[in-house]
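Undergrad: Take this structure first; my questions come after.
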Amino acid sequence: MAIHTTLFFKFKALLQRDGWISPAYVGIDASGKISYLSNIAPSGAFAMDAVEGYAIPGFQNAHSHAFQYAMAGLAESHVAGTHDDFWTWREAMYRCALSIGPDQLEAIATMLYSEMLRHGYTQVAEFHYLHHDQEGNPYNNLAELGERMVAAAKNAGIKITLVPVFYQKGNFGQAPQPRQRRFISASINDYFKLFESSKEAIKTYGDASIGFSIHSLRAVDFTDIVKTVGSMPSGLPFHMHVAEQKKEVADCVGYCGKRPMQWVLDNLPVGDRFHLVHSTHLDDQELLRLAKSGARVVLCPSTEGNLGDGIFRMKEFVGQKGRWSIGTDSHIGINPLEEFRMIDYRQRLTTHARNTFDGDAARYMVNEAVASGRMAMGVQANDHFETGRPFDAYVLDAKAPLLAATSLENMAATMVYSADANYALGTIVNGKWKVKNNRHVGEKETRDNFIRAMRKLANR
Ligand code: ZN
């Protein structure tokens, strides 16, 4: 055991890719990394936090637009006789995007990230396209609002991958609209300036990293997409929305004669650094090629359901060994266990069969979402927990009725399919409790700031 271990946790069990370690002793060093991991108690006298709980890996939220949390639940009243879809929702979202100042954005994101931690996420990829001031002018610090997202993550104690987004056009081949003015980088050069400023912004927090992104095929000129992706620094995760909406597919075919995923697979070096968000509308060929490419699909089931996007062909995709992670996108829901249930249940409802996945579906979904989710943050790891790596965990209460009565064999499935937020004991990041007994350590201040920001916004 490493001499610099400062604290031990004891859990009833801890989940690894191959199953549970029980009991589980976890030693933490001064930097929050795992220095000891075994079912055998360490010898010697150490401070021991004996937890009546089950530790599973902290989850990765691979797709977030934090500002949209401000409008969660506000677009759910529908006027009889009118049509309401993604595109009408988007108008409401644009109004929300235009109304938020830097201090408000930081307060809203801090609240959101604290709530993510409460639900078991320990990392978030912030797909960030709100770049400029309300008039559409760049801030003195080009990455002012990106830096606010990093500050929010630091306030809450979640790890963040800031993904500055290249957004240039209003739609395929069309100039941007005035209400998109806060998003726009006019040229590749402008995007790279923003990217460089964003790289500076992440230096303000030790648990921040950087990603690279094109918003979507409808948001950047095709020639510029190819050039920008071709100039992407090596080793970064690349994020892009693809084929979320049927209208987007039709518009793309009308514009270039190809479906969006077909164009992406034909024109970009798609591989395991690619994190293609939604990928809802795929034909047979696209599904097969996407699975073989090694790219990860980022699924956001609660948002996709809320927006009426459509249903990703998960069963067929996984049948071809396709890889995927989860995100909460608009934050209409931020519970990872609910995202898993929706992923499975929307397949069951359309296939009229229960076996979306082979074997232990819960363990499979956790394993896949964590492995691919970490890659969306630019992190690669072999197992959920490893010595020398940070200890980030979501801990469920061993005394919750169903868990107290369940064997380890059925534990993961009981958690994933039946637990609610009250089953949570807490969330640990870098070996420290950030949430305990369903309360975030900074709850009061975070909530006060959030309420103040929302009052100023006056949209609820
Ligand atoms: Zn999105």
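The values are calculated or read from the model by the stated rules, or taken from the named source; none is laboratory data. Source: prediction; values computed, not measured. Cβ atoms come from the backbone with ideal geometry, glycine included; neighbour counts cover every protein chain shown. For accessibility, only protein heavy atoms count, side chains too; no ligands or nucleic acids. Shrake-Rupley method; radii C 1.70, N 1.55, O 1.52, S 1.80 Å.
Undergrad: Using only the alpha-carbon atoms, how far is helix 86-99 inclined from the longest principal axis of the chain? Give it as 0 to 90 degrees, nearest 10.
TA: Around 80 degrees separate the two axes.
Undergrad: What list of ³J(HN,Hα) values in whole Hz, one per residue of segment 235-246 in order, does the Karplus curve 6.51 cos²θ - 1.76 cosθ + 1.60 (θ = phi - 60°) give from phi, with Gly and Pro shown as x?
TA: x, 9, x, 10, 10, 7, 6, 9, 6, 7, 10, 4
Undergrad: Restricting to segment 1-160, what percent of DSSP beta bridges are antiparallel, rounded to 5?
TA: 50
Undergrad: Round to a whole angstrom and tell me the spacing of the C-alpha centers of segment 306-384 and segment 249-300.
TA: Using only Cα atoms, the two centres lie 17 Å from each other.
Undergrad: Still on this structure: What list of whole percents do you get for P(r) of segment 227-371, with Cα-Cα distances grouped in 5 Å bins up to the one holding the largest distance?
TA: P(r) over segment 227-371, rounded to whole percents: 2, 10, 19, 23, 22, 15, 7, 3, 1, 0.
Undergrad: OK, next. Using DSSP, restrict attention to beta bridges with both residues in the chain and report what percent are antiparallel, rounded to the nearest 5.
TA: Restricted to the chain, the bridges split so that about 45 percent are antiparallel.
Undergrad: Now for a different question. Provide, in order from the shortest bin, the percent of all Cα-Cα pairs of segment 202-312 in each 5 Å bin, continuing until the bin that contains the maximum pair distance.
TA: Percent of Cα pairs in each bin: 2, 11, 22, 24, 20, 12, 6, 3, 1, 0.
Undergrad: Using only the alpha-carbon atoms, how far is helix 284-293 inclined from the longest principal axis of the chain? Give it as 0 to 90 degrees, nearest 10.
TA: 50
Undergrad: Once the other residues with Cβ under 11 Å from the Cβ of Asn355 are scored (Lys, Arg +1; Asp, Glu -1), what is the net sum?
TA: Its environment carries a net charge of +1.
Undergrad: Can you compute the equivalent ellipsoid semi-axes for segment 61-121, i.e. the square root of 5 times each eigenvalue of the Cα gyration tensor, sorted largest first and rounded to whole Å?
TA: Working through the eigenvalues yields semi-axes of 25, 15, 9 Å.
Undergrad: On to the next question. Work out from phi, with θ = phi - 60° and the Karplus expression 6.51 cos²θ - 1.76 cosθ + 1.60, the ³J(HN,Hα) of each residue of segment 382-394, listed in order in whole Hz, and give x for Gly and Pro.
TA: 7, 10, 4, 10, 9, 4, x, 10, x, 8, 10, 9, 10
Undergrad: Within 10 Å of each candidate Cβ there may be at most 16 other Cβ atoms; applying that plus a DSSP loop requirement, which trypsin sites (Lys or Arg not before Pro) in segment 304-358 survive?
TA: Lys321, Arg354
Undergrad: Let me ask something else about it. Could you tally the net charge around Val416, taking each other residue with its Cβ under 13 Å from the Cβ of Val416, Lys/Arg +1 and Asp/Glu -1?
TA: Local charge sum for Val416: -4.
Undergrad: Working from the alpha-carbon coordinates of segment 131-267, get Rg over Rh, Rh being the Kirkwood radius.
TA: 0.99
Undergrad: Right, another one. In segment 123-217, what is the count of Lys pairs whose alpha carbons are under 20 Å apart, counting only pairs at least 8 residues apart or on separate chains? Please list the in-between numbers first.
TA: Working: Lys154/Lys199; Lys154/Lys203; Lys159/Lys199; Lys159/Lys203; Lys169/Lys193; Lys193/Lys203.
Going through segment 123-217 pair by pair, I get 6.
Undergrad: Using the Cβ atoms and a cut-off under 14 Å, what net charge is assigned to the surroundings of Val51, where Lys and Arg are +1 and Asp and Glu are -1?
TA: For residues surrounding Val51, the net value is +2.
Undergrad: Still on this structure, I have one more. Stretch Phe46-Arg95 to full length: gain in nm at 0.36 nm per residue minus the Cα-Cα span? Write down the numbers at each step before the final one.
TA: On the way: separation 49, 0.36 × 49 = 17.64 nm, distance 5.47 nm.
Length gained between Phe46 and Arg95: 12.2 nm.
Undergrad: How do Lys399, Lys33 stack up against each other in accessible area, from largest to smallest, with a 1.4 angstrom probe?
TA: These residues rank, largest area first, as Lys399, Lys33.
Undergrad: Right, next: Going by amide H atoms built from the backbone, whose H comes under 5 Å of the H on Ser64, apart from near neighbours?
TA: It is Ala125, Phe127, Asp329, by chain and number.
Undergrad: Mind running the shape call on segment 370-460? Use the C-alpha gyration tensor, a ≥ b ≥ c as the square roots of the eigenvalues: rounded below 1.5 for a/c, prolate if a/b tops b/c, oblate otherwise.
TA: Note, shape of segment 370-460 comes out oblate.
Undergrad: Going from most exposed to least, what order do Lys444, Lys169 have by accessible area with a 1.4 Å probe?
TA: Lys444, Lys169
Undergrad: For the chain, taking Cα atoms only, what is the radius of gyration to one decimal and the Dmax to the nearest whole Å?
TA: According to the Cα coordinates of the chain, Rg and Dmax are 21.7, 72 Å.
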